[in-house]
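**Student:** Below is one structure. I have some questions about it.
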Amino acid sequence: MYTDLSLVDKYEMPDDEYAKRTGTVLEFKQRNRLGRFAETDGAKPPDEGSDPDAFSADADRITVGARCRVMPEAAATIEKRGVVAFVGKTKFKPGYWVGIIYDEPLGKNDGVVGGERYFTCPPLRGAFVRPNRVETGDFPEIDLLDEEL
């Protein structure tokens, strides 16, 4: 019996073989156009510039702790739901931002951006979005593995 697991040979599936399999994370991301599979036309969203009050009115209607859904960007096809964990100005970009803790691991961080902690959540569950993309209300969790969606 091994006591040092580093001595155990591990199987690594070749990328092309993994790509042929069904029911994988890769297939899920491709089907839902997430991450590197998101379709973009190369155009960047309009820049809010350096306006420190960008999205102030939208931010005023959002409260920390509220259930929410994030309106998808043009290329996204999956609805993201979660809880508002932060509303306010940040150090990473000007204007107002909303920190979301997603129900599923669809985020980009754990509440830390640029070394500054804005809220705490598990890895890949946190994200920052502009307040105009956040709708608060009665949005229960969605099971992304539910076939009936």
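The values are calculated or read from the model by the stated rules, or taken from the named source; none is laboratory data. Source: prediction; values computed, not measured. When we count neighbours, we look across all protein chains shown, and the Cβ atoms used for this are built from the backbone with ideal geometry, even at glycine.
**Student:** Need at least 3 residues that are of a type in the set (Gly, Ala, Ser) per element, so show me which strands (runs of 3 or more DSSP E) inside the range 77-149 make the cut, counting only ones lying wholly within it.
**Tutor:** Strands (runs of 3 or more DSSP E) meeting the threshold: 80-89.
**Student:** Moving on to the next point. Please specify each residue of the range 79-104 satisfying the condition of being touching a Pro at 6+ places or on another chain (Cβ under 6 Å) and closer than 16 Å to Arg125 by Cβ.
**Tutor:** Val98
**Student:** Take the range 1-60 and flag every residue that is modelled with pLDDT of 85 or more, polar (S, T, N, Q) and assigned to a helix (DSSP H, G or I).
**Tutor:** Passing the criteria: only Ser56.
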